[in-house]
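Have a look at the structure below, then the notes.
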Amino acid sequence: MKTLNAKIRSLILGTILSIMATTPAIAASTSGTTNVTVTVSEFIVLHYYSAVSLNFATPDSEALNEGQSSKDVSWNGNSSGGSELAEANLMNAALELEGSKTTVTLSNVWAVRGFSKNGNAKVEVNVPAGKAVMSNEGSEISISNVKVGDNSSTGSSITTKLNGITRNNATFGNIEMELDFSKTSRSGLHTGGQYTITATTI
């Protein structure tokens with residue numbers, strides 16, 4: 001009887017051990033959460049041209065017929081009477097300026113990109129001292145009223161958006177200036193003018 005009981009106990013114990021060996025163990029598991037932060041420094045990139053050459057279109061030369069004039073001439077060669085040409089009665093040529101100035105807009109000659117506290121930058125332009133006049137042997141062209149623009153605002157100083165650091169998100173802008181030809185008497189290259197663009201994170 002003891003032998004039978006021992007065999008039964010041995011059989012039961014083997015069955016239990018067999019079941020335990022084929023039953024997968026329950027895995028232990030725990031997890032933790034990590035907070036991630038990134039600090040980005042203020043950073044700005046200014047793209048600009050170090051030289052810009054303005055090549056004005058060549059106008060057609062003209063001969064304007066101002067009509068007829070009848071003069072009284074003395075035997076010593078002096079003439080008098082009749083109509084005379086004056087500024088007020090000159091015909092308009094194909095090329096005419098209102099006054100002596102023309103406003104020139106240079107499209108997309110600067111760009112900015114980067115990071116700032118509020119996502120904006122200040123862009124300003126000025127003409128350095130002594131650099132407002134371009135000259136050629138006594139002939140002069142003067143620069144004045146220089147402005148920056150970004151297609152939203154224009155002025156000597158503007159606030160514009162910084163759209164991050166990638167090139168495809170850069171903000172592009174223009175330069176506007178008045179050129180005064182009142183002291184211009186020669187064709188050809190006039191040199192010596194400058195403007196300075198400054199971009200600052202804000």
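Side notes on the structure shown:
- Kirkwood's formula applied to the C-alpha pairs of region 94-202 gives a hydrodynamic radius of 15.3 angstrom.
- Signed unit charges on C-beta, dipole axis of the chain, positive-most listed residue ASN55, ASN78, SER100: ASN55
- Label-to-label distance, nm, for residues given as LYS71 and ARG186 (7 Å Cα→Cβ offset): 3.2
- Cβ-placed point charges (K, R +1; D, E -1), dipole of the chain about Cα centre in debye, nearest 20: 2840
- Extension gain, VAL104 back to GLU84 (0.36 nm per residue minus Cα-Cα distance, nm): 3.7 nm
- Over every Cα atom in region 39-133, the radius of gyration and the widest Cα-Cα span, Dmax, amount to 27.0, 95 Å.
- Translational diffusion coefficient of region 122-181 (Stokes-Einstein, Kirkwood radius from Cα pairs, 4 °C, 1.567 mPa s): 97 µm²/s.
- Excluding exposed DSSP-loop GluC sites (Glu not before Pro) (at most 12 other C-beta within 10 Å), longest clean stretch of the chain: 138-202
- Full-stretch length increase - SER53, SER41 - with 0.36 nm per residue and alpha-carbon distance subtracted: 0.7 nm
- Residue with peak Gaussian network fluctuation, the chain [Cα springs, cutoff 10 Å], from LYS183, LYS122, LYS71: LYS71
- Once divided by 2.2 N^0.38 Å, the Cα radius of gyration of region 76-129 becomes 2.56.
- Computed across the chain, the Kirkwood radius stands at 24.9 Å (inverse of mean 1/r, all Cα pairs).
Rule-based calculations on the coordinates, nothing more; no lab input. Because the structure is predicted, anything quoted here is derived from the model rather than measured. Here the Cβ is made from the backbone with ideal geometry for all residues, glycine too, and neighbour counts use every protein chain on show.
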